[in-house]
1. Restricting the search to the stretch 366-399, which residues are in contact with a strand residue (DSSP E or B) (Cβ under 8 Å, 6 or more places away or on another chain), over 19 Å from THR464 (Cα atoms) and not polar (S, T, N, Q)?
2. How many of the residues in the stretch 7-34 are assigned to a helix (DSSP H, G or I) and crowded, with 18+ Cβ neighbours inside 10 Å?
3. Could you give me the residue pairs with C-beta distances under 7 Å whose first residue belongs to the stretch 552-571 and is more than 18 Å from ASP665 (Cα to Cα), whose second residue is hydroxyl-bearing (Ser, Thr, Tyr) and within 16 Å of ligand 3 (Cβ to nearest atom) wherever it lies, and which are 6+ apart or on separate chains?
4. Just checking, which of ALA499, ALA525 is within 16 Å of ligand 2 (Cβ to nearest atom) and either touching a helix residue (DSSP H, G or I) at 6+ places or on another chain (Cβ under 8 Å) or closer than 30 Å to ALA421 by Cβ (or both)?
5. Exactly one condition in (1) modelled with pLDDT of 90 or more; (2) more than 15 Å from ligand 3 (Cβ to nearest atom) is false for LEU634; which is it?
6. Tell me which residues, restricted to the stretch 585-598, are more than 16 Å from ligand 1 (Cβ to nearest atom) and either buried (at least 19 other Cβ atoms within 10 Å of the Cβ) or hydrophobic (A, V, I, L, M, F, W, C) (or both).
7. Please name all residue pairs, on different chains or six or more residues apart, with Cβ atoms under 8 Å, provided the first residue is in the stretch 734-761 and is touching a residue at least 12 places away in the same chain (Cβ under 8 Å) and in a helix (DSSP H, G or I) and the second residue is within 11 Å of ligand 1 (Cβ to nearest atom) and among the acidic types (Asp, Glu).
8. Is it the case that LEU361 is touching a Ser or Thr at 6+ places or on another chain (Cβ under 9 Å), closer than 23 Å to SER472 by Cβ and surrounded by 11 or more Cβ atoms within 10 Å (Cβ to Cβ)?
Amino acid sequence: MPPVKVLRVAAALVLLNAGWLALGLVHVWSHPALGWVTLPVGALLAGLACRQVARAPELDVSTRRFWGRMALACVLLTAAIVSNAVDAVGGATLSQRVGPVTVTLYLLMLALVLWALFRLPSWERSRSDWARFGLDALMVMITVAALTWHFLLRNHQEWNAQTGSAGALISIVVVTFLSVATFTKVAFAGAGRLDRRAIRILAAGAAIASTFGSLSPLLVSRPYLSTSLIAVPIASLTIHLAAVRQLRAGNRPPARRRRSRRVSLVPYLAVAITDALLLATSTTDGNETFVMELTAVTLTVVVVIRQILALRDNNRLLGTVDAQLTHLKGYQNELEYQATHDSLTAAANRALLERHVQRLLAEREPFHLMLLDVDDFKTVNDRLGHGVGDALLTLVTNRLTDAVDYRGLVARLGGDEFAIAVPAVAAPGNAIEHLLDDVVAAVREPVELAGHTLVTGTSVGIATSRSDDTASELLRRADVAMYSAKGAGGNGWRWFDPAMDQAADETARLSADLRTALADGQIFALFHPITDLETETPIGAEVLMRWQHPERGLVPPDVFIPLAERNGSIVELGYWVLEFAARQAADWQGRFGDRAPAKVSVNVSARQLAEPDFVDRVEAILRETGVDTSGLVLEVTETAVLTTDVAIAQLHRLKDLGLRVALDDFGTGHSSLSLLLDSPVDVLKVDKSFVSGTSANGAGAIITKNLVGFVNDFGIEAVAEGVETQAQAATLRRVGYRLAQGHLYGRPMAAEDFERLFTAHLGASERGPGQGEGERRAVAGGAGRGEVAAVGAGQLAGDRQAEAAAAGGAGT
Ligand code: C2E
Ligand code: CA
Ligand code: CA
């Protein structure tokens, strides 16, 4: 039968019993046992309902366990009823006496219910909450005690006579106390996922049943009746009702009660009730005590009023606190904004972007993530100042925001790096690629800033979210794609491609290998002759680093030097090269005296210059090797010098050590001639792109020509790099260059090969020109271990092979 129908049957049984009892008040029942028949039925039905709830799979464990215990309690109730009935109608005479077995069974049943209630999970409450609860409960207890005293214990003689012992009375008192305590606890601390309405039904049932139970003295004159006849069916029915209620409610989590700021009424109610009782009992006693008690009552009333006023004040205070809280909330919002937005451009910042990306991933909403880097932003910042740099970043942000046009979130991640998250639905199909084009074009628009017309590019990498993505992995892919776009020359965009990962992996591996390369003896250095254009004699050499990788063979310096700069190993490599060069120069100085190579040139990268103890360590190397510093040149690039004032200060200190400084790759960076005047430069190395590159005959020629005049005026030596043909050498000679470096005069070679080349010329110059010519050719023609004859421009692969041959000897 469905639970609701069973419930109707149970309700009908209770009505039947109520009728029996009501009629019994005016009519003497001749078969009193009949009145007891329905009682165990009602209790068993309630027990069955509880068992059904205890097996409902949708309920959580603790709720099911509670209803299981209730079912057990119903069984105990049934037993108690049977025992109660035997006490009443089983004897020779009718009796209202409740026997010890019955009392025990009733008490056990109640104890089980209360225990079940106590075992329900509680809410998290603070200690002061519990203290307040304890005080409230204490007040409730005192009041209940007073009531019990007034209505029950005062008349205990009557009761004892009627029930045959004090047991029943004491039980009722104990049970009342326990029930009140339990229900107060549940009301205060919650009852897990137990339905709150079900608890209320149970509480009401307990109250009604015990009220009826305590009316026993009224029935003393009618021994064929018992208050159990109504109290027990009501208890059964309410348990039954509560079980059905729980079944309907299912397993909804209880709505957490908002902590109300309203004043608890419990203490006042307790005081009022006790006062009423006090007055009610006093009227029967003497006048004097009445006056005393009236005073006490008046006092409590005043205290209560005072208390209420204080509480109202408190509430008003709380109101102002609330107002201040709203204020604080405003600040908090402000702080939140600051924490999630970039102060310069007002775009979202990295934190907000990451949160946004995480949310999109959690919602499984497919989206694209673009990572943008402004090309050459550093140069703008360095050359035109931070003010212009900031203005440019703000402008770029605005342009990006306009281009994206609410289709996604634009964030500035820091520096000149931006990110844009675009949900796939906002840019379906190739709309995303149009958006990418727009973004790149928007940044490309020329801009007037502080009197300069700037044209900036941006490199964009884009990756699409995957189902199992994490924010950092997605960002990483976009980053890899961005680097690829940058590597392709910038001002464009690239989709992420798994092949890029492979390349990045390889780079990472190479970078790791590089850290141990020096210790493993894989690093060596070659000497590239610097030649006097007039006499065609080598007057010195540039020292060039090489890496003989055990598996990859010779790794080109354009590959490993940038890697070493990034992972910092350039610092140690740099000291090694310097020491190697200094030792070699000292050796030549010792053996050839005045005629030793005048210039041994060593490359120093920006990262090395930035080392705070760089000059000290250089000084130590110079001291240890005992080299005459006037024969050593340090080559630095423009960018290294341009970036910081510190670098220029370092150069001055190096010069104080007697070293000379060359400005390398002049013309490829953002060179300005004024830099030459500001920095302590002795030598200028004109980049090979002007000498043998594609512009060598046009603009390059003009530049090289004008440069040399300017340079000579300032007493700076010029070295033309990358001289590959006699024609180039002739041009350089004609416009006024004295020194050159290039394949025409030999490839980078091992120290002993350079020494042979050098001494051949030495001998030649001693024997006079013309005589040495054949010998020199022989060396340049391949007699040396590392060298091959001059080849034309652009044969880089060939170059590397030639050097690899040299490496075979020098590396190990
Ligand atoms: P760099 O300082 O400009 O060195 C000159 C480069 O031009 C060398 O390449 C040299 O072999 C090449 N070269 C010289 N003459 C010619 C020519 O006629 N035609 C052509 N096509 N190339 C010529 P390399 O040895 O590959 O070095 C590349 C770069 O690696 C160097 O450029 C330098 O920036 C860096 N590097 C090399 N060794 C070191 C080092 O010990 N320390 C640091 N920090 N950087 C180094
Ligand atoms: Ca160089
Ligand atoms: Ca150079």
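1. Those that are in contact with a strand residue (DSSP E or B) (Cβ under 8 Å, 6 or more places away or on another chain), over 19 Å from THR464 (Cα atoms) and not polar (S, T, N, Q): VAL374, ASP375, VAL380, LEU384, VAL388, ALA391, LEU392, LEU393, LEU395, VAL396.
2. Within the stretch 7-34, residues that are assigned to a helix (DSSP H, G or I) and crowded, with 18+ Cβ neighbours inside 10 Å number 8.
3. ILE570/SER605
4. ALA525
5. Condition not satisfied by LEU634: (2).
6. Those that are more than 16 Å from ligand 1 (Cβ to nearest atom) and either buried (at least 19 other Cβ atoms within 10 Å of the Cβ) or hydrophobic (A, V, I, L, M, F, W, C) (or both): ALA586, TRP588, GLN589, PHE592, ALA596, PRO597, ALA598.
7. Sorted first by the residue in the stretch 734-761, then by its partner, the pairs are HIS743/GLU724; HIS743/ASP799; LEU744/GLU724.
8. So LEU361 passes the test.
The values are calculated or read from the model by the stated rules, or taken from the named source; none is laboratory data. Since we're looking at a predicted model, the values are computed, not measured. Don't worry about glycine lacking a Cβ; one is built from the backbone with ideal geometry, like all the others, and counts go over all protein chains shown.
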